[in-house]
Amino acid sequence: MDLNIRSLFGGNNEELSEDEINAEVLLKADHRKVEALFKEYEEGSKQRQSIKEQVIKELTIHAQVEEEIIYPALDKINHEGAGEAKEEHHVVKVLLVELESMPAGSDETKAKMKVLGEIVKHHVKEEEHELFPEMNRSDVDMDALGQKLKARKEELLRQYKPRKQPAKKTTANKGKVVPARKAAATKKTASAAKTNKPKTRSRKVVARKRAS
C-alpha cells in the first residue's frame, strides 16, 4: 500500500507535495488533522463514535512514529524539552486506552476527550514553537527524517487494529467464565434444587425405630 502524502498526513493539506517534504511539514499536517477531528467532535457531530475512533488511531500512530524517529534525534541534540514531550505522550496513551471502551456520547467521554484535546494542544504548541525550530537549527537532516516518517506511517497503518473491547461483565463458575446473568440464574437454580431436595432420615434413627 503506497499511500500518497495527502492521504497519510492531513488529507486536505494543499501544501504537501511528494517532491518537497520533511519531518516538520509531515508532523504539522498530522497536527492540523487531529485538531480538526477534535473540533468536529466538540461541535456535536452525529459521527462521534467514528471521530473518537479516528482520533485514537491518528494519535496512536503519530505518537509511535515520533517516539521511534523524532525523539531519538532530539536526544542526540540534547534538547531539554524532549523529556517533557515523552511524558506527555505517556499521558496521551493512557487516555487513549481508557477512551477505547467508553461510549462516544457519554458525559464522561466528552470530558475525557476535552482533557485529551487540551493536552494535545499544549504538546503541539511546544513541538511547533520549540522542538522543531531547534531541530532545524541543528545538523538534523529533516528531509531524511521525513522519508522515514512516511515509510513508517505507511507500515503502521497497514498493521493497525483497534484493541478488542473488553467482554461484558462476567462471573467465574467452576473454573469457567460465564456471563453474569447466566451465572446468577445458575446459582438461583442450584439454590432452589438444594431447598427442594427431599430430606432423608439418618441410618441411626431408622435403626432405633426398628429395634423398638
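What follows is calculated from the coordinates using simple rules that are stated; it is not laboratory data. Only a predicted model underlies this, so the values are computations on that prediction, with no experimental measurement involved. Counting neighbours? That spans all protein chains shown, and the Cβs are built from the backbone with ideal geometry, glycine included.
Within the set of other residues whose C-beta is less than 14 Å from the C-beta of residue 159, count the net charge using Lys and Arg as +1 and Asp and Glu as -1. Result for the neighbourhood of residue 159: +3.
With the simple model of a label 7 Å out from the Cα in the direction of the Cβ, residue 101 to residue 76 spans 4.1 nm. For 61, 77, the sequence from fewest to most other C-beta atoms within 10 Å is 77, 61.
Using the Cβ-Cβ distance between residue 159 and residue 40 with R0 set to 41 Å, the FRET efficiency from 1/(1 + (r/R0)^6) comes to roughly 0.95.
Sort 31, 122 so the one with the fewest other Cβ atoms within 10 Å of its own Cβ comes first. Walk me through the numbers before you get to the answer.
Numbers: 31 20, 122 12.
Going from least to most buried by this count: 122, 31.
Remark: region 40-90 carries a charge dipole of roughly 260 debye about the Cα centre, counting +1 on each Lys and Arg Cβ and -1 on each Asp and Glu Cβ.
Neighbour counts of other C-beta atoms within 10 Å: give me 34, 124 arranged from fewest to most. Don't jump to the answer; show the numbers that get you there.
On the way: 34 21, 124 17.
The most exposed by this proxy come first: 124, 34.
If R0 is taken as 30 Å, the Cβ-Cβ distance between residue 58 and residue 137 corresponds to a FRET efficiency of 0.60.
Here region 5-159 is treated with +1 on each Lys and Arg Cβ and -1 on each Asp and Glu Cβ, and its dipole about the Cα centre works out to around 680 debye.
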